[in-house]
Amino acid sequence: KMTQQMRDLQLAQARKPPGPSSPNAAKRLYRNLSGKFRVNYTSFDEGSLVGRGEKEKLRKSYLFQSNAALFEAVELQDLDRVQEMLKHYSPEELDLNTPNSEGLLPLDIAIMTNNAPIARALLQAGAKESPHFVSLESRSLHLSTLVREAEQRVNELMAQVVNEAPNADCSEKEKQLKAWEWRFRLYKRMKAGFEHARVPDAPSSVHLSVASSSSLQVTFWEPLSVNSAVVTKYKVEWSCSPTFSPLLGEAVIDKLKDLHFTIQGLVSGTAYHVRVSAYNMKGWGPPQASTPPFAIPSNWREYDGRAPRRRGQAEALDHLLGQVKTVHQHCICHEPCKSQPQSRKHSVSKSLKHLFHPGSKFLKTLKRGLYLTAIFYKDDNILVTHEDQIPVVEIDDTYSCLLMQDFLWLTKVSCMWDEILWLRQCVTVSQSSCSCILQTRFKMLLAISQMQGLLGIQDLGQVFFEPIKDKQGNILIVTLKEVKTNQTFESVRWVPICKLQTSRKSVSSPEEPSALDTLLISVQDKLAYHQRSSHALSPGLYLGYLKLCSAVDQIRVLVPEQLPNILCHVKIRSNPNISREEWEWLQKMARVEEPVPTEPETDRSQNPLFQELQVAIKELMTLVNIPFQEAKDFRLYSQEVLDFGDQVSFLLLLPPSDDVCTAPGQNNPYTPRSGFLTLPLQIFELGEEK
């Protein structure tokens with residue numbers, strides 16, 4: 001019966017070509033095939049084939065050849081070749097989970113020859129075991145049939161070779177004999193591997209943590225024993241009883257790229273026990289209980305019933321902005337302003353004329369004044385005018401000193417690029433008050449409108465955290481935006497940055513470079529800052545260090561150069577959730593005014609969060625160049641956990657109250673190492689919001 005089933009399977013699927021004449025010939029076969037089907041597959045995209053039927057025919061040929069090449073690589077235990085094919089081709093292109101004519105999958109061959117490295121590579125790519133093996137008996141019978149039929153075929157070919165006279169047919173028979181002898185040895189090795197295998201040991205470790213008020217996260221590791229067969233899946237079980245009776249649920253994990261699982265839909269405040277067991281071709285092994293033995297789904301907010309800080313804030317701000325707009329629709333600000341003070345009339349009318357005059361264009365050189373420039377970049381290219389200049393427009397030619405408050409106001413405007421026209425109308429109504437600040441901000445809005453009109457785009461990007469100044473009295477405000485599509489703009493074109501830097505002729509001396517020259521010299525640094533400021537942290541709980549320094553007109557915050565939108569930080573763990581029990585422990589520390597934990601104590605050694613904090617604090621102190629013994633005077637911020645979405649959360653480490661903010665003229669005894677910068681607090685807040 002098994003022989004007849006195998007023959008039916010061969011007729012139904014016809015996946016496997018005749019075996020190669022030898023292992024070396026097999027290796028040449030799949031390497032040659034892999035080189036050929038790459039070229040054939042590329043030709044589809046190039047449109048070199050005319051008929052749709054011809055394309056489909058070659059596509060099937062490509063899939064067939066790739067599948068055969070993968071089987072040969074696994075059978076010959078060529079790990080490098082297997083990894084190369086898995087890297088360059090998708091599981092669909094390799095036909096990874098379609099059995100061959102023997103009813104085997106690549107993963108079956110790998111695990112039955114006990115080739116753990118190839119089996120793991122296949123598992124991470126999504127490989128499955130053959131569905132034909134529904135029991136241990138069916139697998140054993142199938143392997144015995146393969147061995148018997150291969151042995152029979154070897155005997156038949158050997159008899160033909162011995163009895164026939166030497167000729168061309170005899171030479172072909174000898175090649176077939178060598179191929180079947182090699183396959184016979186392969187099947188015997190697979191059969192022996194199956195017979196000598198045993199069920200896997202329990203996972204070496206199972207860690208249980210609280211993921212939220214309704215979920216638990218289970219992380220586990222492979223069994224330590226290397227004598228059993230390769231593990232192909234795991235089973236996670238959970239129950240409210242330590243005896244796991246009754247069982248509340250279970251989940252089978254066969255995607256083994258990451259060995260963790262999140263149990264969802266649990267009841268907050270209820271204790272759950274968890275265990276994990278491993279599976280190989282011999283069956284399920286014994287379970288491993290988790291550490292700790294149980295966990296209770298919860299969140300730190302349940303400690304005092306606190307609602308999320310930002311809940312409803314975005315909706316409230318949108319509603320408030322809508323109300324303001326509604327009021328201003330019927331306001332005098334939509335009428336032309338007729339009464340202008342004589343002292344400001346010439347300046348405003350000049351700006352208006354410059355904006356609406358048909359000859360409005362980008363500036364080539366800077367005079368003494370305040371200017372706006374927009375840098376758009378894509379890969380290594382930057383947008384320039386037809387004169388090969390970075391786009392620059394004038395804000396005010398009589399403004400020689402940019403007040404920090406005006407600059408910070410402009411950074412907030414960058415969150416509303418689409419509302420510039422409305423903002424201009426709102427500012428116009430107040431110009432009769434002869435406010436110097438409002439006059440300057442109105443001119444900023446005019447310059448923004450001019451830049452948007454000349455470029456033909458509304459979004460000018462992110463404002464760089466500090467303007468560029470030169471000794472000639474020029475101040476240059478820079479905006480940065482990355483263009484990720486092939487977008488076209490008016491009045492500008494794409495030019496490689498290196499070409500722009502080498503071709504531009506400087507009109508200033510190296511000792512006193514102009515603001516434009518300074519911008520061009522430092523443009524790569526600014527682009528790198530812009531890209532880094534949009535990076536996101538990986539999910540987890542972090543320990544952040546809050547350090548401020550004040551000046552006359554601003555407060556600045558210490559941030560890492562590699563991630564300037566986040567405080568100086570180190571990662572505590574991958575689970576971002578702080579459970580209610582952990583938060584209670586932190587509150588207990590705060591109530592007794594204990595210092596930051598630096599040395600282990602016996603009663604705390606069993607607290608996982610305490611141990612994690614110890615490691616994180618040492619790492620953070622080293623990062624910011626503070627002697628570890630000074631940490632005894634630091635405190636953890638115990639009012640709340642800072643949540644950034646659902647995947648990232650922060651605990652804050654604070655210096656002593658007198659050292660949180662360094663005042664002007666005050667010496668900071670601990671200077672951070674290189675790799676840090678200080679940002680204006682408002683700029684940092686805008687970056688963090690984004």
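The values are calculated or read from the model by the stated rules, or taken from the named source; none is laboratory data. Source: prediction; values computed, not measured. FYI the Cβ positions are ideal-geometry reconstructions off the backbone, even for glycines, and counts take in every protein chain you see. When the accessible area is computed, the model is the full protein with side chains, heavy atoms only, and any ligands, DNA or RNA have been set aside. Shrake-Rupley method; radii C 1.70, N 1.55, O 1.52, S 1.80 Å.
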- Dipole magnitude of the range 207-298, debye to nearest 20 (Cβ charges: Lys/Arg +1, Asp/Glu -1, about Cα centre): 120
- Compute the length gained on full extension between residue 361 and residue 321: take 0.36 nm times their separation in residues and subtract their Cα-Cα distance, giving the result in nm to one decimal. 11.1 nm
- Pair-distance profile P(r), taking every C-alpha pair of the range 72-126, with 5 angstrom steps and integer %: 4, 20, 35, 29, 11, 1
- Length gained, residue 398-residue 83, 0.36 nm per residue minus C-alpha separation, equals 106.8 nm
- So for the range 213-315, Kirkwood radius off the Cα pairs, Stokes-Einstein at 37 °C and 0.692 mPa s: how many µm² s⁻¹? 210
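Give the accessible surface of the range 197-304 per residue, rounded to a whole number of Å², with probe radius 1.4 Å and ligands, DNA and RNA excluded.
Per residue, the range 197-304 has 45 Å² of solvent-accessible surface.
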- Query: Which percent of the accessible area of the range 207-298 is formed by carbon and sulfur heavy atoms (probe 1.4 angstrom)?
  - Reply: 55
- All-pairs alpha carbon distance profile, the range 57-196, 5 Å steps from 0, percent: 2, 9, 17, 19, 17, 15, 11, 6, 3, 1, 0
- Query: Name the residues of the range 231-264 whose amide N is less than 20 Å from a point 7 angstrom out from the Cα of residue 647 along the C-beta direction?
  - Reply: 255-264
- Space enclosed by the convex hull of the alpha-carbon atoms of the range 457-539, per residue, Å³: 148
- Query: Using a simple charge model, +1 on the beta-carbon of Lys and Arg, -1 on the beta-carbon of Asp and Glu, nothing else, what dipole does the range 363-534 show about its Cα centre, in debye to the nearest 20?
  - Reply: 40
- Task: Return the sequence-ordered ³J(HN,Hα) values of the range 194-203 in whole Hz as given by the Karplus equation 6.51 cos²θ - 1.76 cosθ + 1.60 applied to θ = phi - 60°, using x for Gly and Pro.
- Result: 5, 5, 8, 6, 9, 4, x, 6, 5, x
- Item | Net charge dipole size for the range 57-196 [Lys, Arg +1 and Asp, Glu -1 on Cβ; Debye, nearest 20] | 180
- Heavy-atom accessible area per residue, the range 363-520, 1.4 Å probe: how many Å²? 45
- Where labels lie 7 Å past Cα in the beta-carbon direction, separation of residue 90 and residue 267 in nm: 4.4
- Estimated FRET transfer efficiency (residue 151, residue 289; beta-carbon r; R0 45 Å; 0.05): 0.45
- Label-reachable residues, the range 620-642, where backbone N falls under 17 Å from a point 7 Å from residue 573's Cα toward its Cβ: 641-642
- Message: Over 19 Å between Cα atoms: which of 481/526; 191/255; 412/481; 361/526; 128/188 fall into that group?
- Response: 191/255; 361/526; 128/188
- Between residue 499 and residue 522, what length in nm is gained on full extension when 0.36 nm per residue of separation is reduced by their alpha carbon distance? 6.8 nm
- Query: For the range 363-534, what ratio Rg/Rh do Cα atoms give with a Kirkwood hydrodynamic radius?
  - Reply: 0.95
- the range 296-318 scanned against label point 7 Å out from residue 587 along Cα→C-beta; backbone N under 16 Å for 298-308
- Item | Other-chain or far-sequence residues with amide H under 5 Å of residue 240's (modelled H) | 248, 273
- Expressed in nanometres to one decimal, the distance between label points 7 Å along Cα→Cβ at residue 553 and residue 196 is 8.0
- the range 200-255: projected area of the alpha-carbon convex hull, averaged over directions, in nm²: 4.7
